[in-house]
1. If the viscosity is 0.692 mPa s and the temperature 37 °C, what translational diffusion coefficient in µm²/s does Stokes-Einstein give for region 40-171 when Rh comes from Kirkwood over Cα pairs?
2. I need the shape label for region 276-344. Rule: rounded when a/c is under 1.5, else prolate if a/b > b/c, else oblate, with a, b, c from the alpha carbon gyration tensor.
3. Can you give me the distance in nm between label points at R358 and K313, each placed 7 Å from the Cα along the Cα-to-Cβ direction?
4. Rounded, prolate or oblate, given the Cα gyration tensor of the chain, with a/c below 1.5 counting as rounded?
5. Show me 173-181, 216-224 ranked by packing, highest mean number of other Cβ atoms within 10 Å first.
6. Treat every Asp and Glu Cβ in the chain as -1 and every Lys and Arg Cβ as +1, leave all other atoms uncharged, and give the resulting dipole magnitude about the Cα centre to the nearest 20 debye.
7. How large is the charge dipole for region 188-300, taken about the Cα centre, if only the Cβ atoms of Lys, Arg (+1) and Asp, Glu (-1) carry charge, to the nearest 20 debye?
8. Taking the mean number of other Cβ atoms within 10 Å as a proxy for protection, how do you rank 113-119, 280-286 from highest to lowest?
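Derivation of every value follows stated rules applied to the coordinates shown; laboratory data play no part. Here the structure is a predicted model, which means the values were calculated and not measured. Glycine also receives a Cβ, built like all others from the backbone with ideal geometry; neighbour counts cover every protein chain displayed.
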Amino acid sequence: MEDGILTQRKGQIHTKGEEPFSINCDKESLAGAVSQRACVFCGSRVVLYPIADALHLVHGPVGCAAYTWDIRGALSSGPELHRLSFSTDLREKDVVFGGEDKLYRSLIELVDRYGPKAAFVYSTCIVGIIGDDLEAVCKRVEREKAIPVIPVQSEGFKGNKRAGYNAACRAMMTLVGTGDISGISTVSVNLLGDFNLAGEIWIIREYLEKMGVEVVANITGDGRVNDLRRAHGAALNVVQCSGATMDLAKMMAEKYSTPFVRASYFGIEDMAESLYRIAEFFETSSPGIMARTQELVRGEIEKLLPVIEKYKKDLKGKKAALYVGGAFKAFSLIKAFRLLGMQVVVAGSQTGTEDDYRELHEIADKGTIIVDDTNPLELVSFIKEKGVDVLVGGVKERPIAYKLGVGFCDHNHERKEALEGFVGMANFAEEIHRTVMSPVWRFVPREESL
Ligand code: SF4
């Protein structure tokens, strides 16, 4: 495990079984290491931009705004303003004389043209450096246009992607608590941490509907400003993943005493467990909910198991590597691969905390490489060392896999097929089978690549 690893990064890599668990994580990326991790601004953009009826304006050079809907296509069942990317396109002159006036004029024009329910204004590196007063401009436009105009303090350099999640949660918290909550059921939840990249939140909402649970706000996939305003009326926050929206759940617990549970919608075990956890919470207020949930889970698993068995025959014994945003997703993926008879031999994340990695270490098999905030050279050396058959990652990992001649499954930005819920597990099995067993690998020599 030595090739391609920088000395200063050694503490961020651990192989299970070699020594007692320890990992150095949740820190800024090593300068020059070409991290696979995104910046603070990207972290906040990931979380906020699926709010479909809001205006999202990036205050900064146009390059920052390249992170658009086309890269991460969160679906909406209604308005699609979030698909448009706006930037103040700061140039040299603005950097010298300040960009506040340009920001004001851009906001006024965009609000007039598109009539959004709210506007999020993202701060980028250069704005942090020149010191534009984002808050003052937002307040002015808010007064003039009578919609919430929310500054997102997400200067790219001021931390890691996790700090961007926090900036997004603080921005959303300014909306929560401003709407009318009358008429909301006592058996109700907000769904936090799903971005509806391929319609997943609709699958989960359908399960909840069958259980008799009302969903007040999608936070944020297929999200709406007015739902966020009413989110404090829900009885429970269901938080997927460990990173992106956990801070919002904690803020709501503190301010509105809204309890939260963690959930994962990937794989059979975690999907079922998440639904049972919700049913358990509402058992007193909704008698019979547990029985309804059990019936739902039983029915879904009966449909799913033959599909899993079909693909397992070919996949048994194959190896997988994971590199995902939040470590929580990695837990579910390890279990999902086991169900397919496969072993995860490399597992890493961009934003895992020590607790996350400790949990990952618990469930990983002996010999698994656990890595925080990796870079392309490291990933290449791990994939080669472990003889990986498929890499699961996002847009930045795809070329690494293909250049090495191994299969790839996008579990992140670019996927077009839902991988959550029981139906998502069937899609996942089918996709993994398709890429691992593809005849193309006969023509791509694995070892000679790169
Ligand atoms: S905010 Fe900074 S680090 Fe992020 S994309 Fe813009 S320039 Fe790059």
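1. Values: Rh = 14.5 Å.
My calculation gives 227 µm²/s for D.
2. Oblate, because a/c is 1.5 or more while a/b does not exceed b/c.
3. Here the modelled spin labels are 4.5 nm apart.
4. It is oblate, given that a/c is not under 1.5 and a/b is not larger than b/c.
5. Those peptides, ordered most packed to least, come out 216-224, 173-181.
6. 440
7. 360
8. With the highest mean Cβ count within 10 Å placed first, the list reads 113-119, 280-286.
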